[in-house]
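The structure under discussion appears below in the form of structure tokens.
The values are calculated or read from the model by the stated rules, or taken from the named source; none is laboratory data. Everything quoted here is computed from the prediction, not taken from an experiment. With ideal geometry, Cβ positions are generated from the backbone for all residues, glycine too; neighbour counts draw on all protein chains shown. For the accessible areas, the whole protein counts, side chains as well, though only heavy atoms, and no ligand, DNA or RNA atoms are used. Shrake-Rupley method; radii C 1.70, N 1.55, O 1.52, S 1.80 Å.
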Amino acid sequence: MITAIGAALCVALPVLVVLGFMLFSTSESWSHLVETVLWRYILHSVLLSVAVAIGVVMIGVPAAWLISFYAFPGRRLLSWLLLLPMAYPAYILAYTYTGLLDYSGPVLTWMRNIDAPTWVMWPLLEIRSIPGAAVMLSLVLYPYVYLLARAAFLEQAANVMEAGYSLGQTRSQVFLRVVIPMARPAIVAGTLLAVMETLADYGTVEFFGVQTFTTGIVRTFYGLRDTAGAAQLASILLGFVALLVILERLSRRKIQYYSDQNRRLSRLAVTLTGWRAIFAMVLCAAPMMLGFALPTAVLGYWTLFYAEGGALWSLTLNSFVLAGIASLVVVGVALVIAYANRLYPAPWLSNVTTVIGLGYALPGVVVAIGVLIPFGALDQWLSRGLMAFGVEPRLWISGSIGLLIFAYTVRFLAVANGNLVSGLSRIRPSLDHSGRLLGRTQSQVLRQIHVPLMRGSVLTAILICFVDVLKELPATLILRPFDFNTLAVRVYDLAGDERLIDAAPASLMIIAVGLLPVILLNRSVHAANHD
Amino acid sequence: MPQIMTESVMDALTLRDLTLSYDGDAVVHGVDLALKHRELGCLLGPSGCGKSTLLRAIAGFQALDDGEILLAGETLSTPNAMVLPEHRGVGMVFQDVALFPHLTVSDNIAFGLTDWPKPEARTRISELLDLIGLQGLDARYPHELSGGQQQRVALARAMAPKPKLLLLDEPFSGLDTELRGRLASEVRAILKADGISALLVTHDQREAFDFADRIAVMRAGRIEQFDTAYQIYHEPVSEFVAHFVGPGEVIDASVSGIRSVSSPLGELASDSDFGLPVGCPVHVFLRPDDLIHDDHSPYRGRLIAKHFRGAHHVYEVQLESGVVLGCLAPSHHNHELGENVGLRLELEHLVVFPVKRLCLREDCVNARCTGCPA
């Protein structure tokens, strides 16, 4: 139970630090920030968010609609190929396309050779821009909308649609007046998740030179050495995120009203033929091609023929050990909290879970400076104290792997917790009671019933945390110990040096591991559909 | 005193003055109940009447505010001490089945048999599989069984360690109506064959009739009546019990003698004394099968609806007082709606309740009488 309180405090710490600065501290350069860059950060972040929101809906909803209501060649395969871009961190996609669309790169060289009109070539050259970033982010984030919209379409009782037809509505009228309105909460929730990820993105916008909150925070923190200013920027960002979280919760609540899992009837999909079938195939295949197949092929080509290797294996080892330790810690803490909730149900404990649940919305940059500020101060204090005993000053905590793992815990505890809670909720209390009445003690019930039933959820939680840690860029970048490199950091560094081709092997490694949870996700979605 | 001792030793389950609360609110108030050995009892009542809380207390998942619970004369729970659930010798079948999804049918049944010698446990399992009629399905997993099969396995699992008492918490409510009725009778037969004492909780009176030897009708945390199904249906002690266990209507009447009342349907005689003074207003409770349509009867009413049931009609007849009564009519008596039709009472036992008003007469002999004429 103490662990649960501790965990909640840990998650709350960075937020409290950041908000505390907002309330109690003044930054010398704050008025300067307000006059010069603040409105640009807000404008760019909002523009990018709106563009990504439009992008993910335009890609995700039609795909989900075609997959759910029509039969065409390749539908089953496409239904899960559409998930693959989830394996890509947006920054890797951005680096890959930048390399691919380079002026002297293969695409533009070919276009010049066939004398393509400039209005086609120009936008491709200008990928490092807000529209470019929006396209990159949309290509990796649309699966949120696709998944939630597809689930909503599948959970709509067929008889509701049939009621629509029987009231004299045509197919498209039913779609617009029944199907879409009923799926709207799910589509909104998926879009909000994508926007949250957009606000949290650092790698893409930094590389594309788009000045948003995340780049602004890092610039203020490192460039201007203005801790208070960075924290104040972070709290404004948190304000936006909090708004999104509230909206998302509201739509999630509506999803429950609109879905009818008890009377889900199998419905006959309309079979498409001829050019309609081809159109559907292309529409569903395009996002996957652009968001996964093409960049992966490019990365593979670069890795095989051009990239200068070096240090990949030691980087991989570093990354895996770090991600392994972090995911075990995160899932261990999440287990303690989940079981504290189960065994000693109390209102304040479920509040703790709610607080933890907000962690997924915290941008990595905010988490990083939120933990760096207090522990950096602690280090200074420690060093000053120890200097009296002749100990060299150094970064005791803020330069350690421990702090990095702490930051990952804050960021990813919600992910692990969500997985475990849903696993645990499937073990209904009556199972525990049955075990007790059949002569088992509390601890025997845990060993003989919970361990075998929870194994899958625990492994899934570990895997998802592992991959998230592996992909996480800004927190790792800010908090890693000196000279400690991971795959993600290496990719970032090489891209920063415009060595995009050399970054390919490490990128491929991240994506290969990132595919594992996507495959797992697809299997669980399938299992849910066949229940 | 010695007689009381032998009685409680003979009883399978004894509840004495049991008071329970849920989330801080008292939901069971001073309940007494005794279940005989090998008896199948039922707690019947609307949702929220405290019946499930009562069951959880017997299983040991609920602390007592007051009273005690005894099993075969041994104290299980008092407000100060509770035997742990795993040491009670009480089995339970849950509403949501609660089979262990990671274990096969036979492993589920064997779960409570860890202390048994291997060969005997095996015999017990196959005996139970025979009893529930699922021989050959022992290697299946719960999700490979139908709802009814799952519920029977849950029953076998709970029965396996030969508990002194089996509790069933609305075990059939997740099943469809037809299966529900069949399974209730089936489970009754299985439990009778194994000679086990059991207590079923339900809100469905048909399930209670199919299953139980005696039924305790509960209302707002109290037991109103604990009797056989026949008595509860035909000799209910309160209007609540009368209405809860089956259809029926109430007509106004007044006491006209020691064993008679006068009513819009004539002078009605009872087989026992009311203990109410002459003139005391009462309610007479009538079930549809107590009333028969008779063209020659002097008591008449207007036919306002009729429901064809094949062998007979159910007529709804409105008396002059405005009360609508259900009655049975032979299938070929096809009267038109609005016609004036005759009614005749055919009563085994007259059910009379005092009208619920405060009685002002000091010499009124009935403590429950609430309205003798001044």
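So the values come out like this:
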read-out	value
Check on A:Arg447, within 14 Å of chain B (Cβ to nearest Cβ) and of a type in the set (D, E, K, R)	yes
Single condition A:Arg499 does not satisfy, out of (1) at pLDDT 80 or above; (2) touching a helix residue (DSSP H, G or I) at 6+ places or on another chain (Cβ under 8 Å); (3) away from every other protein chain (no Cβ under 14 Å)	(2)
Options A:Leu78, A:Leu47, A:Leu33; residue that is part of a helix (DSSP H, G or I), over 28 Å from A:Glu498 (Cα atoms) and open to solvent by 10 Å² or more (accessible area, probe 1.4 Å)	A:Leu78
Test: residue in segment A:498-514 that is among the hydrophobic types (A, V, I, L, M, F, W, C), assigned to a helix (DSSP H, G or I) and surrounded by fewer than 17 Cβ atoms within 10 Å (Cβ to Cβ)	yes
Odd one out for A:Val371 among (1) within 27 Å of A:Phe221 (Cα to Cα); (2) in a helix (DSSP H, G or I); (3) open to solvent by 30 Å² or more (accessible area, probe 1.4 Å)	(3)
Residue, surrounded by the fewest Cβ atoms within 10 Å (Cβ to Cβ), within segment A:87-106, restricted to residues that are more than 30 Å from the chain's Cα centre (by Cα) and of a type outside the set (S, T, N, Q)	A:Tyr103
Considering residues of segment A:100-114 that are closer than 27 Å to A:His44 by Cβ and in a loop (DSSP other than H, G, I, E, B) only, the residue modelled with the highest pLDDT	A:Leu101
Selected residue [hydroxyl-bearing (Ser, Thr, Tyr), away from chain A (no Cβ under 12 Å) and without any contact (Cβ under 8 Å) to a residue 24 or more places away in the chain] from B:Ser106, B:Ser47, B:Ser77	B:Ser77
Subset of segment A:468-489 [in contact (Cβ under 8 Å) with a residue 24 or more places away in the chain and not in a helix (DSSP H, G or I)]	A:Glu472, A:Leu473, A:Arg480, A:Pro481, A:Phe482, A:Phe484, A:Asn485, A:Thr486
Failed item in (1) in a helix (DSSP H, G or I); (2) charged (D, E, K, R); (3) more than 19 Å from the chain's Cα centre (by Cα), with A:Arg411 passing the rest	(3)
Members of segment B:185-215 found to be among the small types (Gly, Ala, Ser) and buried (at least 24 other Cβ atoms within 10 Å of the Cβ), listed by number	B:Ala198, B:Ala208, B:Ala212
Boolean, B:Gln95 is within 13 Å of another protein chain (Cβ to nearest Cβ) and open to solvent by 40 Å² or more (accessible area, probe 1.4 Å)	yes
Evaluation of A:Glu472 against (1) open to solvent by 40 Å² or more (accessible area, probe 1.4 Å); (2) more than 11 Å from chain B (Cβ to nearest Cβ); (3) in contact with a Lys or Arg (Cβ under 8 Å, 6 or more places away or on another chain) (one fails), failing number	(1)
Test: residue in segment A:115-122 that is touching a helix residue (DSSP H, G or I) at 6+ places or on another chain (Cβ under 8 Å), in a helix (DSSP H, G or I) and surrounded by 13 or more Cβ atoms within 10 Å (Cβ to Cβ)	yes
Within segment B:109-142, considering residues that are more than 18 Å from A:Asp432 (Cβ to Cβ) and among the β-branched types (Val, Ile, Thr), the one nearest to the other protein chains (Cβ to nearest Cβ)	B:Ile109
Cross-chain or 6+ apart pairs with Cβ under 6 Å, segment B:112-141 first and without any contact (Cβ under 8 Å) to a residue 60 or more places away in the chain, then among the basic types (Lys, Arg) and in a helix (DSSP H, G or I)	B:Ile132/B:Arg152
Unique match (being within 14 Å of chain A (Cβ to nearest Cβ), without any contact (Cβ under 8 Å) to a residue 60 or more places away in the chain and out of contact with any helix residue (DSSP H, G or I) (no Cβ under 6 Å at 6 or more places or on another chain)) among B:Leu55, B:Leu18, B:Leu71, B:Leu84	B:Leu84
Test: residue in segment A:443-459 that is part of a helix (DSSP H, G or I), within 30 Å of A:Ile373 (Cβ to Cβ), modelled with pLDDT of 85 or more and open to solvent by 40 Å² or more (accessible area, probe 1.4 Å)	no
Matching residues in segment A:414-442 - criterion: being within 13 Å of chain B (Cβ to nearest Cβ), touching a residue at least 12 places away in the same chain (Cβ under 8 Å) and open to solvent by less than 50 Å² (accessible area, probe 1.4 Å)	A:Gly423, A:Ile427, A:Leu431, A:Asp432, A:Gly435
